[in-house]
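> One structure coming up, written as structure tokens, with questions to follow.
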Amino acid sequence: MPTLVPRLSHLPLWKQDFVIALGTWLIGALVYLSGMQVLLNGPDTTPLWIRLTELTVLCSLEMLRRKVPWALLGALAVVAVDVAIGPSLPILVVFTDFLYAATLYGSRRVSRVTIGIAALGTLAVVCVALVLSAEWRTAILVAFAFLPFLVTPVWWAANVRQQRDIADNERANAIQLATIGELDRKAAVAGERSKMARDLHDVIAGHLSAIAIQSEAALSMADADPRLSRKVLESVRENSVSALEEMRAMIGLLRADPATGSTEIEPTAPARLAELSKLVESARASGLAVEVRSTVDRAASLPAAVDLTAYRIAQEALTNAVKHAPGGKAVLGIRSGGGILTVEVRNDLRPGHPEDGGTGLGLLNMRERAAAVGGTLAAGPSGGGWLVRAELPLEGS
């Protein structure tokens, strides 16, 4: 028997209803054959075939017990006929399943109506018993005998429905939380990919662009001053080594083992303003006259995120100046005041080299970096040249 219920629960709904209807009919037929169907005093004078016909019709409607409220209305018609010819126990017992099904499977409105009908039916049974019975004690006993047929199935189905609704709500909440978690994961992955793309752009656009420009300059001055050529080649080598170190650090981060926290390649320290002189020397080796105006002690302790952001913005701005204004002049200014670190790069615009001739990805990356630490960045023409100005907060970043 313990294994029978799980097996039935795996059957299609119509097969479950068929098993219920068949079992109910067999039990009801045995009750009629044994003569235990009488509910009122006196013998049952109704022919057996009429009782079995009623039972067959009602059990046939059991196949439609989930079709609320039509199945309940059909069952009510059979019960009305049974009461008219003399109420019998099997019909009332089977009718309780229709009340249960209507409360459990019907809509919320139908369920509330069924509960109301059960309450009114209980009251009606008590009143009819008091009217028809001469003894009030007998009336009360009759009423209590009929109450389980109305109250128990409705109360039971209401509890099952409540637990089912709670389970559905919990399941829906779990699905929503899983969906939110998946969206957060995708957003985090997208954010990391954007950050990696920004870092790759900075490395490639900064170091490799400088390498290309300086290599071209070295080739064009092959017969020039050997000392100058050597200085340019040294700058090319320095940019190459820096690019390789940063790429090596990024690859080490990508190859990190999240379970152990170890990496196959030890990452290097991120670039900081303390290394700004390397950027300046690289830009000068590329033919750009760079003037540095800094009131900030580069050895001073700055928030790591702000320090890296300021370095990357200066790197990108000087790289753009080298590409779009070769042979020109640029002024790099760094100052701190009022809790704000300001980075400015102003350069001349050379004829035939418009500042907006690129893809615009560098400016977008600079704005994203400034916004990531709570700062702002503005870039555009200014005084016959081009100005990049970033304001980065030193606190709360």
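Conditions (1) loosely packed, with under 13 Cβ neighbours inside 10 Å; (2) out of contact with any Gly (no Cβ under 8 Å at 6 or more places or on another chain); (3) under 30 Å from ARG112 (Cα atoms), marked per residue:
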{"site": "GLN37", "(1), (2), (3)": "no, yes, no"}
{"site": "LEU48", "(1), (2), (3)": "no, yes, no"}
{"site": "THR53", "(1), (2), (3)": "no, yes, no"}
{"site": "SER60", "(1), (2), (3)": "no, yes, yes"}
{"site": "ARG66", "(1), (2), (3)": "no, yes, yes"}
{"site": "PRO69", "(1), (2), (3)": "no, no, yes"}
{"site": "ALA75", "(1), (2), (3)": "no, yes, yes"}
{"site": "ASP82", "(1), (2), (3)": "no, yes, yes"}
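> For the stretch 286-303, check the following and say yes or no: at least one residue is in a helix (DSSP H, G or I) and at pLDDT 80 or above.
No: zero hits.
> State all residues of the stretch 13-66 that are part of a loop (DSSP other than H, G, I, E, B), more than 13 Å from ASP97 (Cα to Cα) and of a type outside the set (Gly, Ala, Ser); if no residue qualifies, say none.
MET36, GLN37, LEU39, LEU40, ASN41, PRO43, ASP44, THR45, THR46, PRO47
> Still on this structure, I have one more. Have a look at GLY352, GLY362 and point out the one that is assigned to a loop (DSSP other than H, G, I, E, B) and modelled with pLDDT under 85.
The conditions single out GLY352.
> Still on this model: Does VAL343 satisfy the criteria of being at pLDDT 90 or above and not hydroxyl-bearing (Ser, Thr, Tyr)?
In short, yes.
> I'd like the full set of residues that are in a helix (DSSP H, G or I) and under 20 Å from SER215 (Cβ atoms), limited to the stretch 317-338.
Answer for the stretch 317-338, where residues must be in a helix (DSSP H, G or I) and under 20 Å from SER215 (Cβ atoms): LEU318, THR319, ASN320, ALA321, VAL322, LYS323, HIS324.
> Would you check if TRP14 is in contact (Cβ under 8 Å) with a residue 24 or more places away in the chain, loosely packed, with under 15 Cβ neighbours inside 10 Å and not β-branched (Val, Ile, Thr)?
yes
The values are calculated or read from the model by the stated rules, or taken from the named source; none is laboratory data. Fair warning: this is a prediction, and the values are worked out from it, not measured in the lab. Glycine gets a Cβ as well: all are built from the backbone with ideal geometry, and neighbour counts include every protein chain shown.
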